[in-house]
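Have a look at the structure below before the remarks.
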Amino acid sequence: MNMIFRPVVLLALCAVTQGAPAQDQGRRQDKVVQDGIVLEPIERDGLKGKWRDFTAPEKAVNEQSGQQYTAMMSQAEQKGVLVPAADARVKRLRAVAQRIIPYTARWNASAQQWKWQVNLVDSSQVNAFCMPGGRIAFFTGIIDKLKLTDDEIAAVMGHEIAHALREHGRNRMSTGKTTGVATAAIGALLSAWSGYDVRGLTNAAGQMYLLKYSRDEEREADLVGLDIAARAGYDPRAGVALWNKMAALNKNGAPIELLSTHPGGARRIEQIQEHMHVLLPVYARAKGTAVERLPAYRTNLASK
């Protein structure tokens, strides 16, 4: 690569990762604060400008996710891995959800019309998710391996619900499409101008941008999820215990944060602790006491 072309490529890659798409620049300028938490605004169906064609309507996304969730649970049942409703762990999950759900509309009014479902799949995966429209699934691995308390279940569930409430999946769909268009166009132009095929480089730069975008969503979901849990009477300090357990489970090596869709455990804990002055008073009010009278949080030791 010649000396003139190299800085041009670097500038183009910077444009992809830092300046494009322009949609994200606008979002950063329009940040809002709710209950002490800095948020990106939710892009509604009435999104103006050239980016509206890239954003699927909320109703369509919810209907599609409902079909996918039903198919997944049916498949799990056929394979004998859908844990029955009589199982104590399923009862725990649904009891936590029953307490949390009334506080979800505070973050997205549409949640009042969602058809909430909560299921448990027998799998060693340490994972859980909530699809658009309120379809929740936990894997037995996250409950059993981390020996989650009810407060920690609420922290996990609140986090996953927050992704759905803040419409992160829908926004990521929009951002992925706009970023793909931008990187493809820049890659094609640079390749034609220089005689070098740099489409792979520009595509990689776009993927790096999307990874950071996803990490920002994870941080938002942590705080919104703990707010919901705290309002339902679950201790937000469980979020710290949860990520300490995750760190212990991943002690053999976690992915480098720059290349991961999730921020590192230490970063998450730091952010949660920085917002504890907001979260603890909410929890104390839900318990009918004062912050200074709250007992220390106690967790269970995770499995080795």
Meets criteria (assigned to a helix (DSSP H, G or I), touching a helix residue (DSSP H, G or I) at 6+ places or on another chain (Cβ under 6 Å) and at pLDDT 90 or above) for G233 | no
Subset of segment 256-304 (residues that are part of a helix (DSSP H, G or I), at pLDDT below 95 and more than 17 Å from A221 (Cβ to Cβ)) | L258, L259, A266
Residues (within 21 Å of L146 (Cβ to Cβ) and not polar (S, T, N, Q)) located in segment 284-304 | A296, Y297, R298, L301, A302, K304
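The values are calculated or read from the model by the stated rules, or taken from the named source; none is laboratory data. Only a predicted model underlies this, so the values are computations on that prediction, with no experimental measurement involved. Positions of Cβ are backbone-derived with ideal geometry, glycine not excepted, and every protein chain shown enters the neighbour counts.
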